[in-house]
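The values are calculated or read from the model by the stated rules, or taken from the named source; none is laboratory data. Just so you know, these numbers come straight off a predicted model, no measurement behind them. Every residue, glycine among them, receives a Cβ derived from its backbone with ideal geometry; neighbour counts consider all protein chains shown. The accessibility values were calculated without ligands, DNA or RNA, using every heavy atom of the protein model including side chains. Shrake-Rupley method; radii C 1.70, N 1.55, O 1.52, S 1.80 Å.
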Amino acid sequence: MDSLYHTHVKLLAFDFITLTPNPSDPLSFSRKGLSISRAETLGIVTCREHKPNKFLKFTVDDGTGCIPCILWLNQLSSQYFSRRNPSDVRLIANAAAKFASEVQLGVVARVRGRITAYRGAVQITVSDVVVERDPNIDILHWLDCVKLARKCYDVVPCYKPK
Amino acid sequence: MASSTISSGALVSLEELSSSSPHFKQGASLRVTGKLQEYTVETAIAVIVDGNVRLKIDTQHMKLNFRVGSTYQFIGELLFEPSDEAILKARVGRNVDGIDLNLYKQSLQLLRVFQAEQINGRTT
């Protein structure tokens, strides 16, 4: 398995949207042959569609493109969570509701989550959100992404199964 | 894979936004930053400046407290009025007081070089 498989890889939107699903692993995506499953983005929230107790869909614009994000809000009614400890599920649901209330049009959000595909497009299935207040934070994010791509993501050797 | 249908606001400084710029066209989605020079409550039209360049911003859909002298950033679409004057119809906006505009512009240059490298790397 690639060393960055479980890392939240910081990608600019123009890079993120070119990720392709790995045919051999439905949970991972390929960037120049490197398998990754999680990503982090930072940008301005430019679109927001809220279905209470179901989901919040939103878009993060980092200046190089837009990344669609989905934050699930159905933890208390979904079968998926029915076998888990109810107090844990409540905590997850409360955290998701808090994130949803913070994600408003025009805010700068740092979003982390799993990379997933929906209707042929890559998106982030959100696990956490931080709303940033520092007006220089997107500059730092761009430079982080550039440095990480050049020094790490573009040079990490890929595992090739024999 | 397919990309999102929402247009990203291309990062441009006001100084780059001249008639020769590829972004200076009807409907272009842009992200612009500048100091608020004037704001008219009745029309919700703001004017931002950076250096010697000014741009009108239609802020009809904004819920922002505008303060002359503060710095704002907007994402929206560029339109041309009958007088041929450009105006950005803003979708979102925010106060960015404290932004280091010199660092912002330098970082934009680095970002563009990186983006070109990556895109060229994909096609070669």
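For the stretch A:69-107, applying the loop criterion from DSSP together with a ceiling of 11 other beta carbons within 10 Å to the trypsin sites (Lys or Arg not before Pro) yields A:Arg83, A:Arg84. Restriction of the GluC sites (Glu not before Pro) in the stretch B:1-65 to DSSP coil positions whose beta-carbon has at most 15 other beta-carbons within 10 angstrom yields B:Glu42.
Apply the a/c threshold of 1.5 to the C-alpha gyration tensor of the stretch A:8-151 and tell me whether it is rounded, prolate or oblate. In terms of gyration-tensor shape, oblate. Working note: Karplus 6.51/-1.76/1.60 with θ = phi - 60° gives the stretch A:57-64 the couplings 9, 8, 10, 10, 9, 9, x, 10 Hz, where Gly and Pro are set to x. A simple rule links phi to the HN-Hα coupling: the Karplus curve 6.51 cos²θ - 1.76 cosθ + 1.60 with θ = phi - 60°, which for the stretch A:43-49 gives x, 8, 6, 10, 7, 8, 10 Hz, with x for Gly and Pro. Buried accessible surface for the A/B chain pair comes to about 2900 Å², total over both chains, computed with a 1.4 Å probe.
Summing charges over all other residues whose Cβ lies under 13 Å from the Cβ of A:Asp62, with Lys and Arg as +1 and Asp and Glu as -1, gives -3. Overall form of the stretch A:6-46: prolate. Here a/c, set by the Cα gyration tensor axes a ≥ b ≥ c, is 1.5 or more, and a/b is the larger of a/b and b/c. Pull out a ≥ b ≥ c, the square roots of the eigenvalues of the alpha-carbon gyration tensor of the stretch B:40-124, then state rounded if a/c is under 1.5, prolate if not and a/b is larger than b/c, and oblate in the remaining case. Prolate is the answer for the stretch B:40-124, as a/c is 1.5 or above and a/b outweighs b/c.
Once the Cβ-Cβ distance between B:Gln109 and A:Val155 is put in as r, and R0 is 25 Å, what FRET efficiency do you end up with, to the nearest 0.05?
0.60
Annotation for the stretch B:39-96 versus the stretch A:86-157: alpha-carbon center distance of 28 Å.
Shown in residue order for the stretch A:135-151 are the 3J(HN,Hα) couplings computed by the Karplus curve 6.51 cos²θ - 1.76 cosθ + 1.60 at θ = phi - 60°: x, 9, 5, 6, 4, 4, 5, 4, 5, 4, 4, 5, 5, 5, 4, 5, 9 Hz (x for Gly and Pro). Loop-resident trypsin sites (Lys or Arg not before Pro) (DSSP state other than H, G, I, E or B) in the stretch A:99-147 with no more than 10 further Cβ atoms inside 10 Å of their Cβ: A:Arg119, A:Arg133.
With all protein chains kept in place, the per residue accessible area of chain A amounts to 51 square angstrom at a probe of 1.4 angstrom.
Sequence gap at least 6, Cα distance under 8 Å: using those rules, report the relative contact order of chain A to the nearest whole percent.
Computed value for chain A: 25 percent relative contact order.
A cut-off of 5 Å between modelled amide H atoms, ignoring neighbours fewer than 5 places along the same chain, links A:Ser28 with A:Asn22. Under 20 Å from a point 7 Å along the Cα-to-Cβ line of A:Asn136: which residues of the stretch B:99-119 have their amide N that close? Of the residues in the stretch B:99-119, B:99-112 have backbone N under 20 Å from the label point off A:Asn136.
Once the Cα atoms are used to define both axes, helix B:101-123 deviates from the longest principal axis of chain B by about 30 degrees.
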